[in-house]
Amino acid sequence: AWYVPCLASLETLQELCRKENLRCKSIGITNRSLKSYEVEYLCDYKVEEGKEYYLVKWKGWPESSNTWEPEKHLNCPLLLQNFLSDKNEYLSRVREGKALKVRNHIKALKPAIADYVVKKAKQRIALQRWKEELNRKKNHKAMILVENTVDLEGPPLDFYYINEYKPAPGINVLNGITTGCECADCPAEKCCPKEAGFILAYNKRKKLKIQPGLPIYECNSYCRCGPDCPNRIVQKGTPYSLCIFRTNNGRGWGVKTLQKIKTNSFVMEYVGEVITSEEAERRGQLYDNQGNTYLFDLDYDSDEFTVDAARYGNVSHFVNHSCDPNLQVFNVFIDNLDLRLPRIALFSTRTIKAGEELTFDYQMKGSIDLTSDSADGLSPSKKRIRTVCKCGAVCCRGYLN
C-alpha cells in the first residue's frame, strides 16, 4: 500500500464528518465532540427588535450550519473586534480614506460589506495556517510571520517552502568534500578558507570582513570544529525573525526584518531548484510574460547552472528588488567545492532597522561598485522583456533588468 498527504485542512475534514454524521477519532470527531460548537468567524450583522445578532460560522461545520446568534451568546471578543475592524476598513475605503463616523443605528449590513468581512476572515485564517506551515518547515530558530493589511490576497497557491537547494535529476549539489580541517582554533590556524587559497570571511564578531566578489569557504561536515566554530555562519540558517508582508505599491509580497540587523551580518540564503542553463532558458520564456524574476545564474565560475525559486524556495523568494539595496550577494562553499554550484548568501550592507524592508539588486554584481558591469559574480538570468522597477530609490534605473 502507498499513501499521499492529504491537502485538506483539519477543519475541512471535520466539516465533512459532521455533514455526513461520521466519527473519526484521529481528527477529533467523536460522539462527544460531534455536536461541539466553536466560533470560527463572524459573517454578518443585523438588529431585530432592538437586539443585535451576528451570523456565526462554526469551526469544523459547513457554512450551511451558520446561525444567527445574539451578541450575549458570543464569548469571542477578538473575533468581534476583527469583524468591526474589517467592516470599518471596507467603509473607509469606499469613502476614499475620509474620516469614518460609525453609526450605531444600522439595522443590517449591506451584502457587499458582509461579503468583504467574510473574505477578510477567510484570508486571516489562511494566512495564519500558512504562517504555521512555514514555521513547521523552516530549519532555523528565528520566526517567520505573515501580514497583509493591503488587499485580499492569500497565500501563494503554487509555492513550496524548502531549506536548501532542490537539485534537478542528474545534478549533485553535495560533491567534492572528503576531508575537513583539523583546527582547534579555526581563525588562528590553516582552516578551510586558507586551504582554498582565500582568507577567512568573518571577523571575531562573526561579521563579514571580505569584499564583494570574494567567495566564502565555511567549515564543513568533516571538520573537527564544533557547531560554535566562528566559521559556521551561513549553514546555521537565518538568525533573524522576518515577516512576509503585502506591499502597498503594487510590488506584491515583500520581506521585512522584525529585529535590528547590523552591518555585514548574514541575513538569509537564496534557495530554489537547481537546473541547467538550458532549462532556465526554456522557463525564462514562460516567466517573461508574467514579469517574474526568480532565475539566478550560478556564474561564479561558469554558467552551467541556474537557481529557480519560482515554485520552491524559502523567505528569500519574497524579497523585492531595489536599485539601492540593503543586502549584498555572496557565493558560499561548505559541503560542496564544485565552483559551478555555489550557495547564495545575502548579507547586510548597512545597519537595517527593525520593521525595514529587505531588498537586493536583481542585477547585482560581485564587486564593490554595484554599478560596474566589469566584475564577475552572481547575477540573475537575462530577461527578454523589460520589467518596470517600482523600488522608489533616488538612483532607480527604471527597470529590473
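Numerical summary
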quantity: Close pairs (6 angstrom Cβ cut-off, 6 or more residues apart or separate chains): within 30 Å of F333 (Cβ to Cβ) and in contact (Cβ under 8 Å) with a residue 24 or more places away in the chain in the range 152-166, outside any loop (DSSP other than H, G, I, E, B) and open to solvent by 80 Å² or more (accessible area, probe 1.4 Å) anywhere; calculated: Y161/K137
quantity: When residues of the range 249-260 are limited to those that are in contact with a Ser or Thr (Cβ under 8 Å, 6 or more places away or on another chain) and open to solvent by 20 Å² or more (accessible area, probe 1.4 Å), the one nearest to K206 (Cα to Cα); calculated: K260
quantity: Residue among A121, A112 that alone is under 29 Å from V315 (Cα atoms) and either of a type in the set (A, V, I, L, M) or modelled with pLDDT under 95 (or both); calculated: A121
quantity: Pairs where the first residue, in the range 212-224, is in a loop (DSSP other than H, G, I, E, B) and the second is open to solvent by less than 10 Å² (accessible area, probe 1.4 Å) and among the hydroxyl-bearing types (S, T, Y), C-beta under 9 Å, 6+ apart; calculated: E218/Y202
quantity: Residues of the range 196-233 that turn out to be closer than 22 Å to L298 by Cβ and either among the small types (G, A, S) or surrounded by fewer than 15 Cβ atoms within 10 Å (Cβ to Cβ) (or both), as a count; calculated: 6
quantity: Condition check for H321: modelled with pLDDT under 95 and within 18 Å of the chain's Cα centre (by Cα); calculated: yes
quantity: Qualifying residue in the range 163-177 (condition: in contact with a His (Cβ under 9 Å, 6 or more places away or on another chain) and modelled with pLDDT of 95 or more); calculated: yes
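This table checks each residue for (1) outside any loop (DSSP other than H, G, I, E, B); (2) modelled with pLDDT of 70 or more.
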| residue | (1), (2) |
| --- | --- |
| F330 | yes, yes |
| R350 | no, yes |
| T371 | no, no |
| R386 | no, yes |
| C396 | no, yes |
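Yes/no per residue for (1) assigned to a strand (DSSP E or B); (2) among the aliphatic types (A, V, I, L, M); (3) open to solvent by less than 30 Å² (accessible area, probe 1.4 Å):
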position	(1), (2), (3)
L13	no, yes, no
L22	no, yes, no
S33	no, no, yes
C43	yes, no, yes
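The values are calculated or read from the model by the stated rules, or taken from the named source; none is laboratory data. Remember, predicted model here, so these are calculated numbers, not experimental data. Reconstructed Cβ throughout: ideal geometry from the backbone, glycine too, with neighbour counts over all protein chains shown. When the accessible area is computed, the model is the full protein with side chains, heavy atoms only, and any ligands, DNA or RNA have been set aside. Shrake-Rupley method; radii C 1.70, N 1.55, O 1.52, S 1.80 Å.
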